[in-house]
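K.L.:
Dumping the structure here so I can ask a few things about it.
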Amino acid sequence: MQQITKFQSQYCSNLDIKRICSFDYELIDGKTHALYHQSPRFLYVRKGKAKFMVDTELYEVGKNCLVSILPWDCTEVIEVEEPLQYEIIKYNYEVVANMLHAIVVENAEELPVLKKLEETPVIVLPEAAIKEMDILFSKIREEAGIESVMEKTEYENYHEIQVCTLVAQIITAFCREIDRSRVIPKVLAETGDPRALILRYIYMHLSNKITLDKLSKQFYMSKSSISKYIMEKTGLSFNELLNEMRVTKTINYLLYTDFTLEELASIVGYVDAAHISKVFSARMDDKIGHYRKTYGKALHAGKIREKRQEYKIVEYILRNFSEDLTAQSVAEHFQISLMELNRSLLMQVEKNFYDFLNLTRINKASEYLIETDMEITDIAIGVGYNTVKTFRRNFVQLRHMTPSQFRSKVSLQE
């Protein structure tokens, strides 16, 4: 019988669930079971050597390696040559991601910051970068205290600003090292099981009302195969896992925003406010209003109106992608500038308008190619392209094969 993969807590701290960052020391001296992480973290390896799996890739990590683990990444230590001693910083993903998106103007030619951490989760720090990372980790330790010895229970004014700024500096340094190609070579010649990405995909797309049918088309697997995999890995049904993830994300918004329950329902994928209240109460044994009153901080109260519109923009494109949409027309519809439109999309889907529109259209075209006998010309027009030539070019860029090759090679896995 396959062992169920454990979940780590969604909180950064076991001492105070309102904390947005914590620091501690940890040691791994043997193989571990697979583990899903609900909160992101950085591991700064000080000593040791081990083979470390992050989702589908296996890395050899050792002294001066920095590992980035994002929400619902799955990790497993496959082999330990020397015990791993490392410092660990856990942080609240929603708070830090929103802060980064608010201050970073993404270059359309480059990967968004958090996307870089997803695609390259392990780097080795050169001598020039070690001192900087030592200082950043030391400052977070001083600010947050050491979690395992309950070193700090009270904090100075502006604590949240300070720790968020320091985490952002770590992310900045990490991305710069990626740009300089200082990455750890993968141990495996081939990637691991691609199904390991399913849980992270679900978490990142909760607001899109994720369903088994959508997952089936995204991963080219049957709905029964996906359900079976989720049950084997988590011990939960698909709907139970959805509720687990939604409650985790809901907690972050309850703690740090003033979103209404109706707004939260739309953002996290619930039907309405009554639905979110029912699921939350069943999972947390506490009424949602009482929980917010007890723990809430509302760090981003001034951004609620902007945030609401960002979700509406994504929803509008997803519903109207087959129409003759342009960046200008969508910007005018929402009475914002082109720069504000792309900024909003980069914050929500980490893509500018045209990249997101093309991805949405090609995803729908892929469904038609697998599930129907429609002519390629009809598919191209049906998903919003004016010419087959434009459709083919965009399809090849995203799928690395022509639509005809895709139709003949790709099928749903049972």
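The values are calculated or read from the model by the stated rules, or taken from the named source; none is laboratory data. Bear in mind the structure is a predicted one, so any value in this text is a computation, not a measurement. Glycine gets a Cβ as well: all are built from the backbone with ideal geometry, and neighbour counts include every protein chain shown.
K.L.:
Starting from residues that are free of Cβ contacts under 8 Å to residues at least 60 places away in the same chain and β-branched (Val, Ile, Thr), keep the ones in region 220-268 and report whichever is nearest to Glu371 (Cα to Cα).
P.N.:
Ile226
K.L.:
A follow-up question, please. Any chance you could count how many residues in region 124-142 are touching a residue at least 24 places away in the same chain (Cβ under 8 Å) and either more than 13 Å from Ala173 (Cβ to Cβ) or not in a loop (DSSP other than H, G, I, E, B) (or both)?
P.N.:
Of the residues in region 124-142, 10 are touching a residue at least 24 places away in the same chain (Cβ under 8 Å) and either more than 13 Å from Ala173 (Cβ to Cβ) or not in a loop (DSSP other than H, G, I, E, B) (or both).
K.L.:
Would you check which residues across region 211-257 are of a type outside the set (Phe, Trp, Tyr) and assigned to a loop (DSSP other than H, G, I, E, B) and list them?
P.N.:
Within region 211-257, Thr211, Ser222, Gly235, Leu236, Ser237, Thr257 qualify.
K.L.:
Additional query: How many residues are closer than 16 Å to Ile78 by Cα, of a type in the set (Ser, Thr, Tyr) and without any contact (Cβ under 8 Å) to a residue 60 or more places away in the chain if we restrict to region 21-50?
P.N.:
Of the residues in that region, 1 qualify.
K.L.:
May I pose another question? What is the residue count in region 180-202 for residues that are out of contact with any Asp or Glu (no Cβ under 7 Å at 6 or more places or on another chain), outside any loop (DSSP other than H, G, I, E, B) and at pLDDT below 85?
P.N.:
Residues meeting the conditions: 3.
K.L.:
Still on this structure, I have one more. Restrict the check to region 294-307 and report whether at least one residue is within 26 Å of Val396 (Cα to Cα), modelled with pLDDT under 90 and either of a type in the set (Gly, Ala, Ser) or within 23 Å of the chain's Cα centre (by Cα) (or both).
P.N.:
no
K.L.:
Only residues that are among the hydroxyl-bearing types (Ser, Thr, Tyr) and within 19 Å of the chain's Cα centre (by Cα): list them for region 6-26, please.
P.N.:
Across region 6-26, the qualifying residues are Ser9, Tyr11.
K.L.:
Would you point out which residue out of Asp29, Asp73 is surrounded by 16 or more Cβ atoms within 10 Å (Cβ to Cβ), outside the structural domain of Leu255 (by TED's automatic domain parsing) and either over 30 Å from Tyr158 (Cβ atoms) or among the charged types (D, E, K, R) (or both)?
P.N.:
None of the other options fit; the residue is Asp73.
K.L.:
Then there is this: Would it be correct to say that Tyr44 is of a type in the set (Phe, Trp, Tyr), assigned by TED's automatic domain parsing to the domain that holds Ala97 and touching a strand residue (DSSP E or B) at 6+ places or on another chain (Cβ under 8 Å)?
P.N.:
Yes, satisfied.
K.L.:
Would region 54-64 turn up any residue that is more than 24 Å from Ser181 (Cβ to Cβ) and crowded, with 19+ Cβ neighbours inside 10 Å?
P.N.:
no
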